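Scroll down for the structure; my scribbles are underneath it.
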Amino acid sequence: MSSKPKNTGGPLVLAFTAVLVVMLFVGFKGLAKTAKESYAKNQATITEIQEQQAKELKSRSEKAQAAIAQQEDMKAQAASPVAGANAELGKAKYALCATCHGQNGEGMAALKSPALAGQSADYIIRQLQNFKHGVRGADPAKDMAGAQMAPMAKMLSEEDMKNIAAHIGTLTGKAVHTLTGDAAAGKAKYALCATCHGPNAEGVPAMKSPGLTNLPDYYVVTQLKNFKHGVRGADPSKDMQGSMMAPMAKMLSEEDMNNIAAYIKTLAK
Ligand code: HEC
Ligand code: HEC
């Protein structure tokens, strides 16, 4: 019989191996868990950083946009015909104008004066220059109303004109009308006018065309007649803009003028 001790190595190794496997397994699970946790933590940090970066980018782009908007604003202001104007001084000067154009720039039918409220400063200043330099209102025989306005403009300096235009920009008087016409017929005729004055007669700055919606109908008709008969816009060398308008009025009958004025009224806000 063999005195060799019974070989217990086999089962021991097996037991050890089993323990090792279990330990490895548990260890691995633990490791995996830690890895998973730290991965999640990393991810959270990355997301946080990304969010912060996105926020920073957004605020930077918002700041840049605000700066651009401010620049555009400043540019527009510098380009504005009333840049640096003093509306308070303009208001004081407007007291005289108000006797014919109304406190609130609404115009006066009895005096054939137009509303000035709502008109662009660029246009107001150009017309004051026109009256001052005899481009408008120089001939009382042909243009009674214009001849009443001309001496008023002659009293104004460039500075006054700017200041007054700035004050007029604050006025909100609504034109009062005196005529009747066929607005539907006027609408058809207005299609041509829209190319320069805008589809809603709001005026097109790039074309230097005035807004028409707050002009009293009697004044619209008077001006169309003036343009038609060469009282206004006859000399392109002195009145570029008026000379663009004159040929348009020459195509209109008096009835057309009434009808167009009636249609323009319907566009008023
Ligand atoms: C005595 C009355 C009277 C006074 C005062 C007067 N205006 Fe006029 N103004 C008129 C009349 C009338 C017209 C219309 C002229 C025409 O039919 O062409 C007119 C036209 C105008 C126009 C042209 C508007 C347009 O749509 O083309 C402007 C701008 C204007 N006046 C500004 C002024 C300012 C600014 C003052 C003050 C400094 C002033 N007026 C003072 C009577 C007056
Ligand atoms: C080619 C462009 C053009 C077309 C088309 C045109 N206009 Fe004009 N119109 C002008 C311009 C520019 C002025 C400004 C003239 C000035 O500065 O004296 C003007 C001025 C006027 C005025 C004078 C406003 C005021 O306040 O004194 C009236 C009214 C007018 N247009 C009506 C019309 C009507 C109605 C039509 C269509 C039948 C028409 N326009 C078509 C360019 C145009």
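The values are calculated or read from the model by the stated rules, or taken from the named source; none is laboratory data. Given the structure is predicted, the values throughout are model-derived calculations rather than measurements. With ideal geometry, Cβ positions are generated from the backbone for all residues, glycine too; neighbour counts draw on all protein chains shown.
Some observations on this one:
- Of the residues making up segment 44-95, just one is under 26 Å from the mean Cα position of the chain (by Cα), among the basic types (Lys, Arg) and within 23 Å of Met152 (Cα to Cα), namely Lys91.
- Subset tally (residues that are within 11 Å of ligand 1 (Cβ to nearest atom) and farther than 19 Å from Met108 by Cα) for segment 163-185: 1
- Criterion: outside any loop (DSSP other than H, G, I, E, B) and near ligand 1 (Cβ under 7 Å from one of its atoms) - qualifying residue of Leu116, Leu128, Leu156: Leu128
Conditions (1) within 17 Å of Ile168 (Cβ to Cβ); (2) modelled with pLDDT of 80 or more; (3) β-branched (Val, Ile, Thr); (4) away from ligand 2 (no atom under 16 Å from the Cβ), marked per residue:
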site: Glu56; (1), (2), (3), (4): no, yes, no, yes
site: Ala67; (1), (2), (3), (4): no, yes, no, yes
site: Met74; (1), (2), (3), (4): no, no, no, yes
site: Gln77; (1), (2), (3), (4): no, no, no, yes
site: Asn86; (1), (2), (3), (4): yes, yes, no, yes
site: Leu89; (1), (2), (3), (4): yes, yes, no, yes
site: Lys93; (1), (2), (3), (4): yes, yes, no, yes
site: Leu96; (1), (2), (3), (4): yes, yes, no, yes
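- Single match in Gly146, Gly134 (criterion: small (Gly, Ala, Ser), under 20 Å from Val231 (Cβ atoms), more than 12 Å from ligand 1 (Cβ to nearest atom) and at pLDDT 95 or above): Gly134
- Some residue of segment 99-108 being touching an Asp or Glu at 6+ places or on another chain (Cβ under 6 Å) and either away from ligand 1 (no atom under 14 Å from the Cβ) or in a helix (DSSP H, G or I) (or both): no
- Within segment 214-258, the residues that satisfy the criterion of being more than 10 Å from ligand 2 (Cβ to nearest atom) and among the polar types (S, T, N, Q) are Ser237, Ser253, Asn258.
- Scanning segment 165-197 for residues that are within 16 Å of ligand 2 (Cβ to nearest atom), part of a helix (DSSP H, G or I) and in contact (Cβ under 8 Å) with a residue 40 or more places away in the chain gives Ala165, Ile168, Ala183, Ala184, Ala185, Gly186, Lys187, Lys189, Tyr190, Leu192, Cys193, Cys196.
- Restricting segment 198-241 to residues that are of a type in the set (A, V, I, L, M) and either modelled with pLDDT under 95 or not in a loop (DSSP other than H, G, I, E, B) (or both), the residue that is farthest from Gly118 (Cα to Cα) is Met240.
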